[in-house]
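Q: Sharing a structure with you now.
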Amino acid sequence: MNPSARVEHQMLGNISEAVSLIEQYKGSTVQLVSHLDADGLAAAGIIKQALEEKGIKTEIKIVKMINETTVNEIDPDGLTIL
């Protein structure tokens, strides 16, 4: 297996794990934390739409920078996507 195929295979495994984890939160609210810049706002909007199409409610928090304070504010019992 060539190196790029190995990386692709590993990424697909990680994506499958992420999908399984996120699907456990159907009926709950998932918090999305993103940066206050063009790509951060766009990414948050795309992720929000994708999750809500799967029946997962979302709450978006936009921050200037992800730092220790931001991390400390994360609900340890819920799912937060940074």
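Q: State all residues of segment 18-27 that are surrounded by 10 or more Cβ atoms within 10 Å (Cβ to Cβ) and part of a helix (DSSP H, G or I); if no residue qualifies, say none. It would help to see each step written out before you state the result.
A: Our first condition is that a residue be surrounded by 10 or more Cβ atoms within 10 Å (Cβ to Cβ); within segment 18-27, this holds for 18-19, 21-26.
Across segment 18-27, the qualifying residues are 18, 19, 21, 22, 23.
Q: Scanning segment 1-55 for residues that are under 22 Å from residue 66 (Cα atoms) and among the hydroxyl-bearing types (Ser, Thr, Tyr), which turns out modelled with the lowest pLDDT?
A: 29
Q: Filter segment 28-67 down to the residues that are touching a Leu at 6+ places or on another chain (Cβ under 7 Å) and outside any strand (DSSP E or B), then identify the one that is surrounded by the fewest Cβ atoms within 10 Å (Cβ to Cβ).
A: Step by step, filter segment 28-67, then rank; the result is 64.
The values are calculated or read from the model by the stated rules, or taken from the named source; none is laboratory data. If you're wondering where the values come from, they're calculated on a predicted model, not measured in any experiment. Ideal geometry is used to build each Cβ from the backbone, glycine not excepted, and the neighbour counts take in all protein chains shown.
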